[in-house]
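What follows is a short report on a single structure.
The values are calculated or read from the model by the stated rules, or taken from the named source; none is laboratory data. Computed from a predicted structure; not experimentally measured. Positions of Cβ are generated from backbone atoms using ideal geometry, with glycine treated the same way; all protein chains shown enter the neighbour counts. For the accessible areas, the whole protein counts, side chains as well, though only heavy atoms, and no ligand, DNA or RNA atoms are used. Shrake-Rupley method; radii C 1.70, N 1.55, O 1.52, S 1.80 Å.
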Amino acid sequence: MSPLLRAIAVLLVVLLAAHAPMLLNDGLFMDDWLVLKPRPDYFIDIDFLLNGAGHPIFYSYDTFANWTGVPVVVMVSLAIAGIVFGAISLVLTATRLRLLDRAEAVGFALIVWTYPGYQLWAGKANAVYVFSFGLLFIGAWLLTLAIGARGLRRLLLRVACALVFLLGFALNSTIVLYAFVVLGLFVAIWRGGNAADGFVRRTWFASWRCALGYPELVLLPLIYWGSLNIWFKRIGVYAQHYDAHFPTLRELAGGWSAFLVTAYRDLLAHAARAAITVPTIFILATVLVGIVLLMLRPATKAATSRLAIVLPLVLAMVLFLALSSPYLIAGLRPSSIHFYESRHLLMFGLPSALTLLAFKRQAERWISPGAAFAVMFGPALIISIGMLWSDYVFMQARTLKQEALARDLAGRIQPAATVYALDDGFVDYPSRHVPFGLAEVTGMLRLAWGNQPFFGFALRAERPDILRGMDEARKAPGSAFHHFDPTGPQATISFQPGSGAAPNHILVRKYYMCRLLVRCDVAEFLAQLAQVTIKPGPIAGILPVETDAAPSR
């Protein structure tokens, strides 16, 4: 086996081990319930993706997934494909261009594709994000091949490259990384120019050769954004949500600080707490990373030039600022408190990997390349994979609680109500839990009792005027909530920990034993997880929907 194939094999084994829990999680989370069908007769209306949110490519993926009848399988497959092929393409591109040696490329790819600041790896609709991120690296690899190709092969590679980049724009923020890819192409052309022309003339010629030689790459984002603004313009609540504006310097500083804290500082703090609470996960991660360090063979010659050290560090800072800027322009900020708010952080493993690369190369001035790689990438990978598994455990526990509630409701006769507040006792349970979103609660109601105009919400997660807010939102143009009705008869569902409740890691371990080793019956296991009671009548503390006053005489 060649050294490159050996490195790719190590990469694949580690990635599949790191993301194996994704294959066992068939749950839907948050907005997944709005765009995917948990069963064929479940009603959804995803036209809002086209006629409100302005996501035509996202719409295409979701439509195809639902058409197959197994949307969860399709979305998990997309996520795994994005992770695997994106990581392989990253390694192939970096080694072909001699930017990284094989060990650096594998370590870099592992940091990027196991980054735990993004907590939605198990999300189903957000699998399109992961796949789009992977397509960017696949496109970069195809572009690298196209540069050295000739004739028909070159033409086919460039067409495939443009198509892959276009499909990758399902995650709009990938356009920022796409700009860096095009910038890399420009630098390659500039370096191949005539040094005798002088800097200005050489730069001018490189710009023209880039634009005229690869016009499809220059026009692609312009065509995409033009199409969005002409045929798929955001309207209603989505135009308000994406509050695009030129942020002030103070807003930029505050926003960048929020991204820095959420993406890195909070991550390290959470890792410390998780390692204390469930050390087994991090012990297993240490074993896995140890195998990686033994299997990889770093270059024996150190790359210790000053430029090789400084450039990755500078690029990390520039990339961090660039990746966060689109969200700051749209008025959005991440949060580490709610897992769904981490969806803005998918690509922030790149600055981490670049920073580690710079530190590793600096360490090579004092120790061997192998030791430098182990010292810098080893602990980072242990934290990354350990936290990744910890988040997978949390998401699997969330799936089990959803399934326990849906199964219990399905076994009951539906009360005379269509508006339900969920009193979630797991919020007070001594293990991580985030209140269910209104799409999740409503989805579970419809999964249990059929396609009726239900509206459900977590009582302690919403404001007293939630019904009024939803009544306004469902009537807005391009709304995702047209089939929700907050005006119907009301009831309160008490969802309390049962005799089978346990901390997340114990709960998930028991579930894996039931499912994989057939140590118990899954249905019985879920029945013991929670106690459910329903109390029909007005929901305490929630304001009713305002009705038009009768005309005065």
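Among the residues of segment 275-285, which ones are assigned to a helix (DSSP H, G or I) and crowded, with 17+ Cβ neighbours inside 10 Å? Outline the logic, then answer.
Initially, segment 275-285 is screened for residues assigned to a helix (DSSP H, G or I), giving 275-277, 279-285.
Scanning segment 275-285 gives ALA275, ILE281, PHE282, ALA285.
Inspect all residues belonging to segment 245-256 and state whether any of them is under 22 Å from LEU120 (Cα atoms) and either at pLDDT 90 or above or of a type in the set (A, V, I, L, M, F, W, C) (or both).
First pass over segment 245-256, keeping only residues under 22 Å from LEU120 (Cα atoms): 255-256.
From what's left, either at pLDDT 90 or above or of a type in the set (A, V, I, L, M, F, W, C) (or both): 256.
Yes, segment 245-256 contains at least one residue that is under 22 Å from LEU120 (Cα atoms) and either at pLDDT 90 or above or of a type in the set (A, V, I, L, M, F, W, C) (or both).
From the set of residues in segment 150-181 that are farther than 17 Å from VAL218 by Cβ, assigned to a helix (DSSP H, G or I) and without any contact (Cβ under 8 Å) to a residue 12 or more places away in the chain, which is farthest from the chain's Cα centre (by Cα)? Break it down into steps so the answer makes sense when it comes.
Residues of segment 150-181 that are farther than 17 Å from VAL218 by Cβ, as a first pass: 150-157, 160, 167, 170-173.
Those left that are additionally assigned to a helix (DSSP H, G or I): 151-157, 160, 167.
Of the ones still in play, those that are also without any contact (Cβ under 8 Å) to a residue 12 or more places away in the chain are 151-156.
Values: GLY151: 38, LEU152: 37, ARG153: 34, ARG154: 33, LEU155: 33, LEU156: 31 Å.
In this case the residue turns out to be GLY151.
Being part of a loop (DSSP other than H, G, I, E, B) and either within 25 Å of ALA404 (Cα to Cα) or within 30 Å of the chain's Cα centre (by Cα) (or both) is the filter here, so list the residues in segment 449-479 that pass it. Can you show your working first?
Taking segment 449-479 as the starting set, the residues that turn out to be part of a loop (DSSP other than H, G, I, E, B) are 450-454, 462-465, 476-479.
Scanning segment 449-479 gives GLY450, ASN451, GLN452, PRO453, PHE454, GLU462, ARG463, ALA476, PRO477, GLY478, SER479.
Whether any residue in segment 441-452 is touching a residue at least 40 places away in the same chain (Cβ under 8 Å) and among the charged types (D, E, K, R) is what I want to check. The answer is yes; a qualifying residue exists.
Looking at PHE348, PHE373, which one is within 30 Å of GLY437 (Cα to Cα), aromatic (Phe, Trp, Tyr) and crowded, with 22+ Cβ neighbours inside 10 Å? Residue meeting the stated conditions: PHE348. Scanning segment 47-66 for residues that are without any contact (Cβ under 8 Å) to a residue 40 or more places away in the chain and more than 17 Å from TRP231 (Cβ to Cβ) gives PHE64, ALA65, ASN66. Hey, could you check segment 73-90 for residues that are of a type in the set (A, V, I, L, M, F, W, C) and surrounded by 24 or more Cβ atoms within 10 Å (Cβ to Cβ) and say which is nearest to VAL10 (Cα to Cα)? That would be ALA87.
Of all the listed residues (PRO551, PRO503, PRO544), the sole one being surrounded by fewer than 17 Cβ atoms within 10 Å (Cβ to Cβ) and modelled with pLDDT of 90 or more is PRO503. Considering only segment 464-485, I want to know if a residue exists there that is within 30 Å of LEU507 (Cα to Cα), small (Gly, Ala, Ser) and either modelled with pLDDT of 90 or more or open to solvent by less than 10 Å² (accessible area, probe 1.4 Å) (or both). Within segment 464-485, not a single residue is within 30 Å of LEU507 (Cα to Cα), small (Gly, Ala, Ser) and either modelled with pLDDT of 90 or more or open to solvent by less than 10 Å² (accessible area, probe 1.4 Å) (or both). The sole residue among GLY148, GLY123, GLY117 that is over 21 Å from TRP225 (Cα atoms), touching an Asp or Glu at 6+ places or on another chain (Cβ under 7 Å) and of a type in the set (Gly, Ala, Ser) is GLY123. Could you list, in sequence order, all residues of segment 11-35 that are surrounded by fewer than 20 Cβ atoms within 10 Å (Cβ to Cβ) and hydrophobic (A, V, I, L, M, F, W, C)? Selection gives LEU12, VAL13, LEU16, ALA17, ALA20, LEU23, LEU24. On inspection, PHE137 fails the criterion of being closer than 19 Å to GLY82 by Cβ, modelled with pLDDT under 90 and touching a Ser or Thr at 6+ places or on another chain (Cβ under 8 Å).
Kindly indicate whether any position in segment 295-309 is outside any helix (DSSP H, G or I) and open to solvent by less than 30 Å² (accessible area, probe 1.4 Å). Spell out the reasoning first.
Initially, segment 295-309 is screened for residues outside any helix (DSSP H, G or I), giving 296-305.
Cutting the leftovers down to open to solvent by less than 30 Å² (accessible area, probe 1.4 Å) gives us 296.
The answer is yes; a qualifying residue exists.
Checked against the criterion of being closer than 23 Å to ASN172 by Cβ and of a type in the set (Val, Ile, Thr), segment 95-111 has no qualifying residue. Being at pLDDT below 90, more than 30 Å from ARG509 (Cα to Cα), open to solvent by less than 50 Å² (accessible area, probe 1.4 Å) and over 21 Å from the mean Cα position of the chain (by Cα), is that true of even one residue in segment 36-43? No, the conditions are met nowhere in segment 36-43. Remark: pairs (first residue in segment 522-536, under 13 Å from ASP408 (Cβ atoms); second residue hydroxyl-bearing (Ser, Thr, Tyr) and open to solvent by 80 Å² or more (accessible area, probe 1.4 Å); Cβ separation under 8 Å; 6+ apart in sequence or on different chains) = GLN528/SER499.
Considering only residues in segment 480-503 that are among the aliphatic types (A, V, I, L, M) and not in a loop (DSSP other than H, G, I, E, B), the one that is farthest from GLY443 (Cα to Cα) turns out to be ALA491.
Which one of the conditions (1) under 25 Å from LEU467 (Cα atoms); (2) touching a Lys or Arg at 6+ places or on another chain (Cβ under 9 Å) does HIS344 fail to meet, given that it meets all the rest? Exception for HIS344: condition (1). The requirement of being more than 30 Å from GLU251 (Cβ to Cβ), aromatic (Phe, Trp, Tyr) and part of a loop (DSSP other than H, G, I, E, B) is fulfilled somewhere in segment 353-371, by at least one residue.
Conditions tested, residue by residue: (1) of a type outside the set (Gly, Ala, Ser); (2) open to solvent by 10 Å² or more (accessible area, probe 1.4 Å); (3) farther than 30 Å from LEU99 by Cα.
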| site | (1), (2), (3) |
| --- | --- |
| GLN362 | yes, yes, no |
| SER368 | no, yes, no |
| ALA406 | no, yes, yes |
| LEU409 | yes, no, yes |
| ALA417 | no, no, yes |
| VAL427 | yes, yes, yes |
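Scan segment 321-339 for residues that are among the hydroxyl-bearing types (Ser, Thr, Tyr) and surrounded by fewer than 18 Cβ atoms within 10 Å (Cβ to Cβ) and the total you get is 2.
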